[in-house]
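Notes for the one structure printed next.
Readers should treat all values here as calculations from the given coordinates under stated rules, not as data from a laboratory. Computed from a prediction, not measured in an experiment: that's the story for all the values here. Please note: Cβ atoms are built from the backbone with ideal geometry, for glycine as well, and neighbour counts cover all protein chains shown.
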Amino acid sequence: MIHITKEELLKLAQAANLSLSEEEIPGILRRLEAVLSYAAYLQEFQDTGASLPQISNIVREDVAKETPIEPLLALAPEIEEQYYIVPAILKQ
């Protein structure tokens, strides 16, 4: 397991412009050590020359199918002709 000291964490926090309370430090240390330990484990795995199994696409093929528009438009709070009316979110 990787060990990080409180002083190292505070230096890292200062470099990242973060302010940490005393109550936050133990939890952050524990989580950071877990992340770094996992990264070290992955590095060891890579150094052994082992390779990950090839993963293929296991989801169904994407197939377009005809859908009647009326039931979909009925779900819209507001429509105009065959289009949904939505509030503008971008200023021109």
**Request:** Select one label from (1) 12.5, 37; (2) 26.2, 65; (3) 18.8, 59: the one whose number is Rg and Dmax of the Cα atoms in Å as derived from the coordinates shown.
**Result:** (2)
**Asked** Hey, what do the phi angles of the range 15-25 turn into as Karplus ³J(HN,Hα) couplings, whole Hz, using 6.51/-1.76/1.60 and θ = phi - 60°, x for Gly and Pro?
**Response** 5, 8, 6, 10, 10, 10, 7, 4, 5, 6, 4
**Asked** Out of residues 5 or more away from Ile79 or on other chains, whose amide H comes under 5 Å of its own, with H placed 1.01 Å from N in the peptide plane?
**Response** Ile85
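How much length would be gained if the chain were fully extended between Leu12 and Glu33, taking 0.36 nm per residue of separation minus their Cα-Cα distance, in nm to one decimal?
Details: separation 21, 0.36 × 21 = 7.56 nm, distance 1.33 nm.
Here the answer is 6.2 nm.
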**Asked** Can you pull out the GluC sites (Glu not before Pro) in the range 1-57 that DSSP calls coil and that have at most 13 other Cβ atoms within 10 Å?
**Response** Glu22, Glu23
**Prompt:** So what does the Cα-only Debye profile of the range 6-47 read at q = 0.25, 0.30 Å⁻¹, as log10 I(q)/I(0), no solvent term?
**Reply:** -0.83, -1.00
**Asked** Name the GluC sites (Glu not before Pro) in the range 48-86 that are in a loop by DSSP and that have at most 16 other C-beta atoms within 10 Å, would you?
**Response** Glu61, Glu66, Glu78, Glu81
**Asked** Size of the dipole of the range 6-47 about the Cα centre, Lys and Arg at +1 and Asp and Glu at -1 on the beta carbon, nothing else charged, in debye to 20?
**Response** 80 debye
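Would you calculate a helix-derived [θ] at 222 nm for the chain, using -39,500 (n - 2.57) for each DSSP H run of n ≥ 4 and dividing by the full residue count, to the nearest 500?
Values: 3 runs with 39 residues, N = 92.
It lands at -13500 deg cm²/dmol.
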